[in-house]
Every structure is written in C-alpha cells, then in structure tokens.
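First comes the structure, then the notes that go with it.
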C-alpha cells in the first residue's frame, strides 16, 4: 500500500473523531449530569399569626447535623441542637435581627438570619433610657398648716412615641400623665404640685422628711425614689 492510499484510508477516521467531539462535550456540559449541591446553613425569622399582633419563629436549615447552635439578637438569645437533617425551629422568639453561631470542622462559624420588616409597635417605638427625681420645693414650709410643694423629675428616652408616668406622694397616687418624644434621644422635665398634711407638733426649724416618687408605666416600667427633706418655718 502506497503512502497516498494510507492517508486516504485514515482521513475518514479523523473526520469521524472530530465529528463526535462536540457531542461528547455537550453531554459532559449537560446540567442533569451533575448532582445539585445542597445550600449551606441558613436561617430566617418567620412571622406567624395576625399582622396586628404577630409572633415569630426562628427557622434554621442545613446546618451540620446534631450541631449545637446559639442564636442571638438584642432582644433574646436561644440555643440548642439541630436535628440529624441540620434543621431546628425556635418558636415564639422576640422580634430582632438574629445571628446564629456554631462550630464546623473545629472552626467557629456564624450566619446572619433573614429578617422581615419590623412590626408597627417596633418601628420607631420609644425606648426609656433613664428616670430621675430632681427636687421638691420649697425648702422651708409652714408646718402648722397643709404644705404645698412642687416635685420635679426628668424622663430620658429615644424614639418616637408616648411615655406614661405618674407621681405618688403621701396618701395619694396621682393620675397618669403623658409626655411625647419625637425621635432623637432627649430629656423631658415633668413636674407635679402636691400637698402634705399639716404637722402641728413639728418645732420651728426642725428638719422633716417626705417623698414624691416618680414612676413610668409605659412603654416599660421604672421608678425613681423621691425622698426629700425640708425645714419647718
């Protein structure tokens, strides 16, 4: 067989191999030929119940099986083990932005959770920061007769909303009052006029004691002791 004839016989084989190459490549690139990879750990704060008064579940998915996890937010911390599928649901948790901490292959890991929009009572809600009793005036009073005083306190809060408060003085708890806050951190001065019964047996110049306690009732509860002293004229 001469050289020219051998080349003629080999040519169809080369052409056939080249023709099959794209088909093989297409088969290798077919999406169905590669198993889908399961996603990594994830978590989500799910709103359940009515929109007017929602509750929340923290749903964890695809964590390393039987791993201990700890989920933290500014409002609450919950912890426990996920199941053998890597899942866990913490029910009735407080609303907040949660981060889940866990270990995988000896290394500390964390995952930030998806969070729905805040409920209306959380969006821009007022938060009490501090409560103080400042003073009660005057410093001297006529103890032979009923004595009038003015108590002064300071309520410090941030956020937009209403703070309810009330005063308690000797023999009386006064009606609730309200003060409005507009957003930034601010302090509001509150006052109350009240009367102390006469102390006819008190000597002139003697030091006397009384109180005007200040209490916040909403959005949270707090109280400031209002003990003060005065002298009989």
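Residue check: residue 189 meets all listed conditions (1) in a strand (DSSP E or B); (2) farther than 16 Å from residue 213 by Cα but one, namely (2).
Just so you know, in the range 48-93 the residues that are over 20 Å from the mean Cα position of the chain (by Cα) and not in a loop (DSSP other than H, G, I, E, B) include one that is surrounded by the most Cβ atoms within 10 Å (Cβ to Cβ), and it is 88.
Scanning the range 218-233 for residues that are under 27 Å from the mean Cα position of the chain (by Cα) and free of Cβ contacts under 8 Å to residues at least 40 places away in the same chain turns up just one, 221. Confirm whether residue 173 is within 26 Å of residue 139 (Cβ to Cβ), modelled with pLDDT under 95 and more than 32 Å from the chain's Cα centre (by Cα). Taking the combined requirement at face value, the residue satisfies it. With the structure loaded, tell me whether residue 126 is within 30 Å of residue 166 (Cβ to Cβ) and modelled with pLDDT of 95 or more or whether it fails that test. Judged against the criteria, residue 126 is not a match.
The rows are residues; the columns are (1) under 27 Å from residue 95 (Cα atoms); (2) out of contact with any helix residue (DSSP H, G or I) (no Cβ under 9 Å at 6 or more places or on another chain); (3) in contact (Cβ under 8 Å) with a residue 40 or more places away in the chain; (4) outside any strand (DSSP E or B).
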{"residue": "125", "(1), (2), (3), (4)": "yes, yes, yes, yes"}
{"residue": "132", "(1), (2), (3), (4)": "no, yes, yes, no"}
{"residue": "136", "(1), (2), (3), (4)": "no, yes, yes, no"}
{"residue": "149", "(1), (2), (3), (4)": "no, yes, yes, no"}
{"residue": "155", "(1), (2), (3), (4)": "yes, yes, yes, no"}
{"residue": "166", "(1), (2), (3), (4)": "no, yes, yes, no"}
{"residue": "185", "(1), (2), (3), (4)": "yes, yes, yes, no"}
{"residue": "203", "(1), (2), (3), (4)": "no, yes, no, yes"}
{"residue": "216", "(1), (2), (3), (4)": "yes, yes, yes, no"}
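Taking the range 168-183 on its own, how many of its residues are assigned to a strand (DSSP E or B) and surrounded by fewer than 16 Cβ atoms within 10 Å (Cβ to Cβ)? Residues that pass the stated criteria total 8.
The values are calculated or read from the model by the stated rules, or taken from the named source; none is laboratory data. Quick caveat, the model's predicted, so the values are computed rather than measured. Glycine also receives a Cβ, built like all others from the backbone with ideal geometry; neighbour counts cover every protein chain displayed.
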